[in-house]
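See structure below.
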Amino acid sequence: MQHYYRIKDLREDKDLTQEALCKKLYMHKTTYTNYEQGKHTVPLDFAVTLADFYDVSLDYIAGRSNFPKGADKSALSNDEMNVVEKYSSLTERNKGKLEQFLEQLIENQSHTV
C-alpha cells in the first residue's frame, strides 16, 4: 500500500516539519521518516492516530479515497465525483487558486447570461 505520499501531503498542508509532527505525536523522527518515505508500512494504530490528528478518514490516509472526510458519493453525479476527487488531491495552496478561478468563471458567466 503506497499511502506514504498522502501522509507527507497532509503534514505539508499543515505547514509542519517532520520534527514538529513527531514532537506532537511523541514519536521518533526516524520511525516517521521511514513511514513517509515508504520504507516501512504504517501500522494501523498509527494510521488511526494520523487520521484523528488530521481529521481525515482512514480510507483517505490509506489512499483508498480522495475524500478526506469520507464524502457521501451517492449524492453526486459521476462528473461531480470526478471534480471532487481531483480537488481533493490538490494541495491547500492549489485549492485556493482553483477556488479563485471558479469565482472568476462564475462572475464572467453571470455577465454573459
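Every number in this text was worked out from the coordinates using simple rules, so none of it is lab data. If you're wondering where the values come from, they're calculated on a predicted model, not measured in any experiment. Cβ sites come from the backbone with ideal geometry, for glycine too, and all protein chains shown count toward neighbours.
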Fill in the blank from the handout: For segment 4-61, shape from the Cα gyration tensor axes a ≥ b ≥ c, cut at a/c of 1.5 then a/b versus b/c, turns out rounded
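Work through the residues other than Thr91 whose Cβ is under 9 Å from its Cβ and net out their charges, Lys, Arg +1 and Asp, Glu -1. Spell out each step's value before the answer.
On the way: positive: Arg93, Lys95; negative: Asp9, Glu12, Asp13, Glu92.
The answer is -2.
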Exercise for the section: Choose one of Val83, Phe67, Gln18: the residue whose Cα lies farthest towards the positive end of the charge dipole of the chain (beta-carbon charges +1 Lys, Arg; -1 Asp, Glu; about the Cα centre). Expected result: Gln18
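Short version: what are the Cα gyration tensor semi-axes of segment 73-112, square root of 5 times each eigenvalue, largest first, in whole Å?
21, 16, 5
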Handout entry: Rounded to the nearest 20 debye, dipole of segment 73-112 from Cβ charges on Lys, Arg, Asp, Glu
Key = 160 debye
Problem - Charged-residue dipole, Cβ positions (Lys, Arg, Asp, Glu), the chain about Cα centre, Debye nearest 20 - result: 500 debye
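For the chain, what is the calculated [θ] at 222 nm in deg cm²/dmol (nearest 500), taking -39500 (n - 2.57) for each run of four or more DSSP H residues and dividing by its residue count?
Computed mean residue ellipticity for the chain: -19000 deg cm²/dmol.
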Problem - Whole-Hz ³J(HN,Hα) from phi, Karplus 6.51 cos²θ - 1.76 cosθ + 1.60, for segment 55-69, glycine and proline x - result: 6, 10, 7, 5, 4, 5, 4, 7, x, 7, 8, 9, 9, x, 9
Fill in the blank from the handout: Checking Glu99, Glu36, Glu12 against a Gaussian network model of the chain (alpha-carbon springs below 10 Å), the top fluctuating residue turns out to be Glu99
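Quote the Stokes-Einstein diffusion coefficient, in whole µm² s⁻¹, for the chain, based on the Kirkwood radius over alpha carbon pairs, a temperature of 25 °C and a viscosity of 0.890 mPa s.
Details: Rh = 15.8 Å.
My calculation gives 156 µm²/s for D.
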Practice task
Give me the distance in nm between label points sitting 7 Å out from Cα along the Cα-to-Cβ direction at Lys39 and Asp79, one decimal.
Solution key: 4.8 nm
Completion exercise
In a Gaussian network model of the chain with springs linking alpha carbons closer than 10 Å, the residue among Phe101, Phe46, Phe67 that fluctuates most is Phe101
Exercise for the section: Using 0.36 nm per residue of separation minus the Cα-Cα distance, give me the extension gain between Lys24 and Lys95 in nm, one decimal. Expected result: 22.9 nm
Problem - Signed unit charges on C-beta, dipole axis of the chain, positive-most listed residue Thr112, Thr31, Leu44 - result: Thr31
